[in-house]
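Chemist: Here it is: the structure, laid out below.
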Amino acid sequence: MICQQHPPHRFETIVYFSANRNSAHFIIQLLAATRFSFPPFALLNPMTSITADSKSLAAGHSTLRGVLVAFASYAVFAFSDASIKMLHGTLPSYQVAFIGALFGFAAVPFLKRRDDNWVDMVRTSNRPLWILRFACGATGAICSIVAFTKLSMAEAFALLFLLPSFVTILSVVFLKEDVRWQRWTAVILGFIGVLIVLRPGFRELSIGHLCAAIGGLAAAIGIVINRALGAKEKRISLYGAGLFGTLIVSGLLMLSEVSMPTAWQWLFLASYGLLGAVGNVLLMTAARMVPANLVAPPQYSQMIWAIGFGYLLFNDDIDLPMALGIALIIFSGLLTLARERKRGTPLPTAVTANTQAALATAQERPET
């Protein structure tokens with residue numbers, strides 16, 4: 001029998017022998033001195049094995065619960081995004097963004113830590129980057145709403161899923177990250193997938209396609225800002241930048257045109273804003289239960305929801321080229337996530353009209 005070698009173990013075992021305690025002590029020392037794995041020795045103290053198995057089982061259950069919570073959060077985000085499309089463009093996009101931002105304050109109490117104050121939402125260690133995130137929050141929210149209004153949900157998600165590729169490119173340019181050929185391959189595959197989906201020259205492109213790409217780029221810039229600031233910035237400050245950016249910019253745009261929503265429109269507006277807040281809270285809960293590298297991959301389940309909503313609610317059709325392009329974009333994103341997980345880089349999460357979702361797994365300085 002070939003035994004696998006392991007480093008020496010420390011045994012803390014109490015053995016009771018009524019006949020010869022010295023012999024028992026000698027046997028224990030002999031086994032502890034060996035460099036071989038000896039599973040039958042666990043029988044001397046069965047509680048050690050049982051305790052280890054119990055801890056392993058509990059950890060497995062906790063991981064499963066965390067991943068399921070992540071899936072639930074992305075499902076909630078998909079319902080939030082579907083609420084935008086249910087409005088059918090009857091309200092200006094900036095008005096939808098403004099009301100959604102108001103409901104977004106519902107997530108703030110869950111973001112606040114014991115040493116956080118409300119003023120920390122606008123306090124920052126780097127004002128230029130905070131203002132840039134302020135602008136990206138507004139741009140991403142408004143453009144994503146336009147994308148979901150003008151495009152099928154599957155097509156909007158496909159373009160927004162360029163976010164990991166944008167993060168890779170921006171990380172090279174601004175953070176000077178070392179990107180190897182595998183990640184560049186993922187970026188190229190992602191853009192090939194977009195070309196297959198869009199088929200420029202063979203089908204008409206709209207403002208929705210442009211806004212989807214801009215929305216993904218704005219969210220990517222926000223993620224790169226999170227990485228640049230690292231643990232120096234409070235998460236509530238980053239959240240406040242995006243929230244106030246959307247609120248103020250869309251509020252100013254509302255001065256030119258505003259419509260009084262009907263009862264049904266209020267229902268969908270509340271659904272968009274509140275479900276976005278709930279999705280953020282669930283995503284933060286998942287990030288506390290499991291490592292961030294287990295929270296990001298389930299985001300691609302949103303494409304399943306998008307296809308289902310599109311077919312059942314909006315009569316959307318997906319032809320073969322679009323399906324192939326979407327599959328290529330998703331593969332590109334998963335490849336990027338796999339490479340960044342291996343490098344230990346924080347993963348971009350939650351492609352959604354709610355641009356605050358990426359903060360769920362953002363690093364934050366410890367409490368004081």
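Chemist: Considering the alpha-carbon set of region 70-361 alone, what are its Rg and its Dmax in angstrom?
Modeler: Computed over the Cα atoms of region 70-361, radius of gyration and Dmax are 17.8, 56 Å.
Chemist: Placing +1 at every Lys and Arg Cβ and -1 at every Asp and Glu Cβ, with all other atoms neutral, what dipole size does region 70-361 have around its Cα centre, in debye to the nearest 20? Before the final figure, lay out the partial values.
Modeler: Working: 22 positive and 14 negative charges, 213 e Å.
It comes to approximately 1020 debye.
Chemist: Going by Cα centres, region 309-329 and region 210-277 are how many Å apart?
Modeler: About 26 Å separates the Cα centre of region 309-329 from the one of region 210-277.
Chemist: A follow-up question, please. With 10 angstrom as the radius, rank ASP319, ASP81 by how many other C-beta atoms surround their C-beta, starting from the fewest. The partial results should precede the final answer.
Modeler: Working: ASP319 10, ASP81 29.
Starting with the residue having the fewest Cβ neighbours, the order is ASP319, ASP81.
Chemist: A follow-up question, please. I want to check the label-to-label distance for LYS232 and MET254. Put each point 7 Å from Cα in the C-beta direction and report it in nm to one decimal.
Modeler: Reported label-point gap for LYS232 and MET254 is 3.5 nm.
Chemist: With a ≥ b ≥ c taken as the square roots of the eigenvalues of the C-alpha gyration tensor of region 212-348, please select rounded if a/c is under 1.5 and otherwise prolate if a/b is larger than b/c or oblate if it is not?
Modeler: Details: a/c = 1.80, a/b = 1.11, b/c = 1.63.
Because a/c hits 1.5 or more and a/b fails to exceed b/c, region 212-348 counts as oblate.
Every read-out reported here was derived from the displayed coordinates using simple, explicitly stated rules and does not represent laboratory data. Owing to the predicted nature of the structure, the values given are computational and were not obtained by experimental measurement. For neighbour counting, all protein chains shown are included, and Cβ atoms are generated from backbone atoms with ideal geometry for every residue, glycine included.
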